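Undergrad: What follows is a structure written as structure tokens; I'll ask about it next.
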Amino acid sequence: MGEQTKVYAPDGAVGSPAAAPAPPVPVLTGKRIGILDNAKPNAGALLERLAQRLVSRTGAVLGLVETKNAALAAPDEVIARLQSEVDLVLAGSAD
Amino acid sequence: MTGDAPLLLDLTEDDPCALMQLYDEHGWGDGLPMVPPTPQRVETMLAGTDPDDKIAVLPPRSGIATRRVIAINAVLAGCEPAQLPVVVAAVRALASPELNVRGVNATTHCAAPLLIVHGDVAESAGYNSGLGAFGPGNRANASTGRAVRLILMHVAGARPGPGDASTQGGPAKYSYCVAENTARSPWGGYAASVGVESASAVTLHCGEAPHNVHDMESSDPAPILDKVASAMATLGQNNAPISSSEYFVALCPEHAAVCASAGWTRGHVSSYLFNRATLPVAELRRAFGLRAWAPWQQALADDDRVSMTEHPDNIKVLVVGGAGKHSSVIPSWGMTKSVTVAVDVQ
């Protein structure tokens, strides 16, 4: 048995965290729903169906549908349009 | 950790098995034994360079890769100090926006960053560019590639599951480093061909493990390169639906010599492969409902053939390996571009 020693942790510090998600919207009635379709197979159909169900059950309205590449971040102008035109966004689907 | 300096932990003894047990408790390590990163070993690795020099911030964890943190992972991987400048350059390249390391870590694809070492440092730091260059048996290749992977896992947070969604993973995710055989390249070094005029450089290309191309008999370029084109033109690669994707073609010295002795330049090889690595448009349309193709490719008719990439410049050619007649093709993940940067050998 050797002597106790010290070793470094390998992970290093964490930089500025990514932007935190907005708080949940407590009541959807009258709110505008956006879709950010990441173009994965069936993502558009899944998100649109989900939005339709929310619209029919809560009185929300479908405000905007945008498409982005799944492998890249959404362009700034897409994020800006969503920020200005809707209250919540349904986003993303995996493979 | 969230402070500026890495944490120091108590290790029961200076032993790889003890380290694995300690690191397992934190979810660190790649599953293989590692060299304990004691302060003394890390200081030796740093060789007097500034430990707090911030080299990059790596997603998805937003981990800060200082020179000290890079040195810690280089020690873990088994690197020698001569290899640290190569690892540091690789981390700089990882942070280039066009490489899209966030996507590389997040994808379900098996992509791993292939690190290619060019120029003087390949020789001075002991990298293998000859026989078996992609394989085991050389400390510099094995440990440098492993250090890059450990940095991705520890600093970037690319652990299978929360930070790396690869469906099957892949052996290239353990260690993937090779040196260019510049001495046997009839076209000079690769880095200079993409505008990096430095005595030493590295390239990162995020793609699959090498696909072998075997031609024992041809004394003309075309039959050899037709086999390369055949390895490129398959439906299973991400290059098929993503036309901006690159290929790296690692010709063995003998195949490269056949091409050069016929008067073919590096550009001629790329152009030939661009024209020969094709598939029927109808077959690709049947295979992929979603195609990230260039507009000119989208306009082709079903009975046309289409190149596997939208431009010959996306086919990158260099020389790797020793005696024998086996070359290789390294397809891309797709939504990434290779990056070549100078190595600052201090």
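Undergrad: Could you put B:Cys259, B:Cys17, B:Cys177 in order, starting from the residue whose Cβ has the fewest other Cβ atoms within 10 Å? Display every interim value, and only then the final one.
TA: Details: B:Cys259 23, B:Cys17 10, B:Cys177 30.
Lowest count first: B:Cys17, B:Cys259, B:Cys177.
Undergrad: Give the relative contact order (percent, whole number) for the range B:3-161; include only Cα pairs under 8 Å separated by 6+ residues. Before the final figure, lay out each step's value.
TA: On the way: 187 pairs, mean separation 40.0, N = 159.
25 percent.
Undergrad: Cα centroid distance between the range B:117-148 and the range B:1-69, in Å?
TA: Comparing the Cα centres of the range B:117-148 and the range B:1-69, I get a distance of 22 Å.
Undergrad: Next up: Give me the net charge of A:Pro75's neighbourhood, meaning all other residues with Cβ under 13 Å from the Cβ of A:Pro75; Lys, Arg count +1, Asp, Glu -1. Spell out each step's value before the answer.
TA: On the way: positive: A:Lys68, A:Arg81; negative: A:Glu66, A:Asp76, A:Glu77.
Once all neighbours under 13 Å are counted, the net charge is -1.
Undergrad: A further question on this structure: Among the GluC sites (Glu not before Pro) within the range B:149-258, which fall in a DSSP loop and have no more than 15 other Cβ atoms within 10 Å of their own Cβ? Show your work: numbers first, answer last.
TA: Numbers: sites: B:Glu180, B:Glu197, B:Glu208, B:Glu217, B:Glu246, B:Glu254; in loops: B:Glu180, B:Glu197, B:Glu208, B:Glu217, B:Glu246.
When the GluC sites (Glu not before Pro) of the range B:149-258 are filtered for loop state and at most 15 Cβ neighbours within 10 Å, B:Glu197, B:Glu217 remain.
Undergrad: Rounding to the nearest 20 debye, state how big the charge dipole of chain B is about its Cα centre with +1 on each Lys and Arg Cβ and -1 on each Asp and Glu Cβ. Intermediate results must be reported in sequence, preceding the final value.
TA: Details: 23 positive and 33 negative charges, 122 e Å.
The calculated dipole for chain B is roughly 580 debye.
Undergrad: Helix B:139-154 against the longest principal axis of chain B: what's the angle in degrees, Cα atoms only, rounded to the nearest 10?
TA: That helix lies at roughly 80 degrees to the long axis.
Undergrad: I need B:Val196, B:Val35, B:Val121, B:Val320 ordered by Cβ neighbour count within 10 Å, fewest first.
TA: B:Val35, B:Val196, B:Val121, B:Val320
Undergrad: If you don't mind, another one. Between 0 and 90 degrees, rounded to the nearest ten: what's the tilt of helix B:84-94 against the longest Cα principal axis of chain B?
TA: 60 degrees
Undergrad: Could you tell me how far the Cα centroid of the range B:281-319 sits from the Cα centroid of the range A:14-37, in Å?
TA: 37 Å
Undergrad: What distance in nm lies between label points placed 7 Å from Cα along the C-beta direction at A:Thr29 and A:Asn42?
TA: Rounded to a tenth, the inter-label distance reads 3.5 nm.
Undergrad: Ok, one more. What residue among B:Pro171, B:Pro221, B:Pro59 has the largest mean-square fluctuation in a Gaussian network model of chain B, using Cα springs under 10 Å?
TA: B:Pro171
Undergrad: Before rounding to the nearest 500, sum -39500 (n - 2.57) across all DSSP H runs of length at least 4 in the protein assembly as shown and divide by the residue total; then give [θ] at 222 nm in deg cm²/dmol. It would help to have the intermediate numbers written out before the result.
TA: Numbers: 15 runs with 141 residues, N = 441.
It comes out at -9000 deg cm²/dmol, rounded to the nearest 500.
Undergrad: Still on this structure, I have one more. Can you give the alpha-carbon Rg of the protein assembly as shown over 2.2 N^0.38 Å, where N counts its residues? Don't jump to the answer; show the numbers that get you there.
TA: On the way: Rg = 24.0 Å, N = 441, 2.2 N^0.38 = 22.2 Å.
Its radius of gyration relative to the 2.2 N^0.38 Å reference: 1.08.
Undergrad: Over 25 Å between C-alpha atoms is what I'm after, so list which of B:Lys173/B:Lys316; A:Lys68/B:Lys227; B:Lys173/B:Lys337 land there. Intermediate results must be reported in sequence, preceding the final value.
TA: Numbers: B:Lys173/B:Lys316 22 Å; A:Lys68/B:Lys227 36 Å; B:Lys173/B:Lys337 18 Å.
With Cα atoms farther than 25 Å apart: A:Lys68/B:Lys227.
Undergrad: Below 11 angstrom from the Cβ of B:Thr309, what's the summed charge of the other residues (Lys, Arg +1; Asp, Glu -1)? Present the calculation step by step, with values, prior to reporting the outcome.
TA: Details: positive: B:Lys316; negative: B:Glu246, B:Glu310, B:Asp313.
Around B:Thr309, the charge tally is -2.
Undergrad: List the chymotrypsin sites (Phe, Trp or Tyr not before Pro) within the range B:273-346 that DSSP assigns to loop and that have no more than 15 neighbouring Cβ atoms inside 10 Å. Intermediate values should be presented prior to the final figure.
TA: Values: sites: B:Phe274, B:Phe288, B:Trp293, B:Trp296, B:Trp333; in loops: B:Phe288, B:Trp293, B:Trp333.
Loop-located and lightly packed - B:Phe288.
Undergrad: Another question about this same structure. For B:Ile224, B:Ile242, B:Ile70, what's the fewest-to-most ordering of other Cβ within 10 Å of each Cβ? Walk me through the numbers before you get to the answer.
TA: Values: B:Ile224 25, B:Ile242 22, B:Ile70 29.
Ordered by Cβ neighbours within 10 Å, fewest first: B:Ile242, B:Ile224, B:Ile70.
Undergrad: Label-point separation (nm) for B:Trp296 and A:Ala80, each offset 7 Å from Cα along Cα-to-Cβ?
TA: Result: 3.2 nm between the two label points.
Undergrad: How much net charge surrounds A:Gly15 when only other residues with a Cβ under 10 Å from its Cβ are counted (Lys, Arg +1; Asp, Glu -1)? If you can, show how the numbers build up before the last one.
TA: On the way: positive: B:Lys54, B:Arg61; negative: none.
Its environment carries a net charge of +2.
Undergrad: For the protein assembly as shown, with the dipole built from +1 on Lys and Arg beta-carbon atoms and -1 on Asp and Glu ones, taken about the Cα centre, which of B:Leu300, B:Gly78, A:Leu88 lies farthest toward the positive end?
TA: A:Leu88
Undergrad: Roughly how tilted is helix B:221-232, in degrees to the nearest 10 and between 0 and 90, from the longest Cα axis of chain B?
TA: 60 degrees
Where a number appears in this text, it was derived from the coordinates with a stated rule and is not lab data. Predicted, not measured: the structure shown is a model, and the values here were computed from it. Please note: Cβ atoms are built from the backbone with ideal geometry, for glycine as well, and neighbour counts cover all protein chains shown.
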